[in-house]
Amino acid sequence: MCGRYTLFRLDQLLKNFPNLRIPPDMLPHFNIAPTQGVLAIANDHPDRLGVFHWGLVPSWAKDPGIGSRLINARAETLAEKPAFRTALARRRCLVPADGFYEWRSEGGKLKTPMYIRMKSGEPLAFAGLWDVWHSADGSELPSLTIITTAPNSLMETIHNRMPAIVQPKDYDRWLSPNETAAGELADVLGPYPAEKMTAHPVSPRVNKPGYDAADCIDQAEPQTLFG
């Protein structure tokens, strides 16, 4: 799954998205969690960052609470699920990030939080799907889900899933405004090349969704991992 990530080197986004309009009041974040407002580039406005609720609320949902159960979507079954198949065809987005967290099991209930990023230090982009839910009073709730896929060889040592990271060469394909058949984009959602990524343990401070400070990504010394 993908349940936490970072977005803090905001100026670096322009390297991969040179025409992107970045709001001047954007703040860096080191521990972004589900149900929070997150930034994404949607295929209806590929030149700007929009704010979305993390947890997809389909337009047909009776209750926005469904979003808490739809923070992730499995790449292998997108076309089969009512909550995702129309969005896959029409409403795709990229979720920019500097890296993400996953928890590696150490046996029993003990888990080590790990921070995973590009070796190059460049930003990355998760594949996502978006929708807009309308309440009875007419207000709108834009929301999204982050797609997950099978792990690469690096992630296999940490978890059995990983976010689907879109390679820069495929950004335009994923953000196409045209309706797309389910199978046409399957190759975009495979595991990202492991040799381009790196991972290190971090402090359990990141376990707290409300903790959002730069030391979340600091490499933890073995003796402080669970102290």
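Quick notes on this one:
- Of the criteria (1) surrounded by 13 or more Cβ atoms within 10 Å (Cβ to Cβ); (2) in contact with a Lys or Arg (Cβ under 6 Å, 6 or more places away or on another chain); (3) assigned to a loop (DSSP other than H, G, I, E, B), which one P191 fails: (2)
- Of all residues making up segment 156-173, the number that are more than 21 Å from V57 (Cβ to Cβ) and open to solvent by less than 60 Å² (accessible area, probe 1.4 Å): 9
- Wholly enclosed strands (runs of 3 or more DSSP E) of segment 103-155 bearing at least 1 residues touching a helix residue (DSSP H, G or I) at 6+ places or on another chain (Cβ under 7 Å), surrounded by fewer than 20 Cβ atoms within 10 Å (Cβ to Cβ) and touching a residue at least 24 places away in the same chain (Cβ under 8 Å): 111-118, 140-149
- Top-ranked residue of segment 124-153 - restricted to ones that are of a type in the set (G, A, S), modelled with pLDDT of 95 or more and touching a Leu at 6+ places or on another chain (Cβ under 9 Å), ranked as farthest from K15 (Cα to Cα): S143
- Condition broken by S176, with the remaining ones in (1) part of a loop (DSSP other than H, G, I, E, B); (2) surrounded by 15 or more Cβ atoms within 10 Å (Cβ to Cβ) satisfied: (2)
- Conditions (1) in contact (Cβ under 8 Å) with a residue 24 or more places away in the chain; (2) part of a loop (DSSP other than H, G, I, E, B): number failed by K62: (1)
- Residue ID - nearest to R117 (Cα to Cα), chosen from residues in segment 205-227 that are open to solvent by less than 30 Å² (accessible area, probe 1.4 Å) and modelled with pLDDT under 95: A220
- Condition check for A199: within 12 Å of A75 (Cβ to Cβ) and surrounded by 13 or more Cβ atoms within 10 Å (Cβ to Cβ): no
- Of all residues in segment 20-44, those satisfying the criterion of being touching a Lys or Arg at 6+ places or on another chain (Cβ under 9 Å) and open to solvent by 70 Å² or more (accessible area, probe 1.4 Å) are R21, D44.
- Taking residues in segment 12-39 that are farther than 17 Å from G121 by Cβ, and partners anywhere that are basic (K, R) and surrounded by 12 or more Cβ atoms within 10 Å (Cβ to Cβ), the pairs with Cβ atoms closer than 8 Å and at least 6 places apart or on different chains are L20/R48; R21/R48; N31/R4; I32/R4; A33/R4.
- Among the residues making up segment 45-82, those that are over 12 Å from L129 (Cβ atoms) and open to solvent by 80 Å² or more (accessible area, probe 1.4 Å) are R48, V51, W60, K62, D63, R69, E76, E80.
The values are calculated or read from the model by the stated rules, or taken from the named source; none is laboratory data. Remember, predicted model here, so these are calculated numbers, not experimental data. Glycine also receives a Cβ, built like all others from the backbone with ideal geometry; neighbour counts cover every protein chain displayed. The protein model used for the area step is the full one, side chains on, heavy atoms only, and it has no ligands, DNA or RNA in it. Shrake-Rupley method; radii C 1.70, N 1.55, O 1.52, S 1.80 Å.
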